[in-house]
Amino acid sequence: MKKTPYIGKWISCLHRSGQTFFDYHLAEFGLGSGNGYFACLRYLFRQEGITQDTISKYVNIDKTTIARAIMKLETLGYVTKQIDPIDRRAYKVYLTKKGRDFQPKLEATLALWTTSLTHGFTPEEKAMAFSLLEKMTQNALNLKERINSMEKSTRSEANETGLIK
């Protein structure tokens, strides 16, 4: 029986290598590789004046991580928050001049990472790699949603039966 390869090994290796790459290239800006900084900034480059919750949903990173990322980006001077006049419990997030000025550096660094990963690929191989990664990501997000639904259902059933108080 042929053993199915474990794709997580390669994804994990790419992730760790990416962290090293971004930590090295962006250290002078006070930003490391983790905690949703890039996702927040890239979304804000396209659309400012949105809530942390909107960013969280769009980039598929939990609200707590996004809140910490926004706090750090605010401390570093890349973003500012303003109370939402419609929902006074929420904050809208905006780029500062420093944040806008950082966009070319971040985009160039992301492009360099992509170019480095796809070195030696034909245009067709690049297109295939992006297509397959997108499909895998969608499959992973669908699986995550099913697991979250099952967990909610299980908790609800446990509540109804008195197993959870």
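Listing for the model above:
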| item | result |
| --- | --- |
| Test set (1) open to solvent by less than 50 Å² (accessible area, probe 1.4 Å); (2) touching a helix residue (DSSP H, G or I) at 6+ places or on another chain (Cβ under 9 Å) - residue 136 fails condition number | (1) |
| Which listed residue, of 23, 62, is of a type in the set (Asp, Glu) and either more than 19 Å from residue 140 (Cβ to Cβ) or touching a Phe, Trp or Tyr at 6+ places or on another chain (Cβ under 9 Å) (or both) | 23 |
| Matching residues, the stretch 31-70, being more than 19 Å from residue 101 (Cα to Cα) and aliphatic (A, V, I, L, M) | 50, 55, 59, 61, 66, 67 |
| Conditions (1) among the hydroxyl-bearing types (Ser, Thr, Tyr); (2) touching a Gly at 6+ places or on another chain (Cβ under 9 Å); (3) free of Cβ contacts under 8 Å to residues at least 12 places away in the same chain; number of the one not met by residue 24 | (2) |
| Failed criterion for residue 99 (all others in (1) farther than 24 Å from residue 24 by Cβ; (2) assigned to a helix (DSSP H, G or I); (3) open to solvent by less than 30 Å² (accessible area, probe 1.4 Å) hold) | (1) |
| Residue 2 vs. criteria charged (D, E, K, R) and farther than 27 Å from residue 141 by Cβ | yes |
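The values are calculated or read from the model by the stated rules, or taken from the named source; none is laboratory data. This structure is a prediction, so every number in the text was calculated from the model and none was measured. No Cβ is skipped: glycine too gets one built from the backbone with ideal geometry, and neighbour counts run over all protein chains shown. Calculation scope for accessible area: heavy atoms of the full protein, side chains included, ligands and nucleic acids excluded. Shrake-Rupley method; radii C 1.70, N 1.55, O 1.52, S 1.80 Å.
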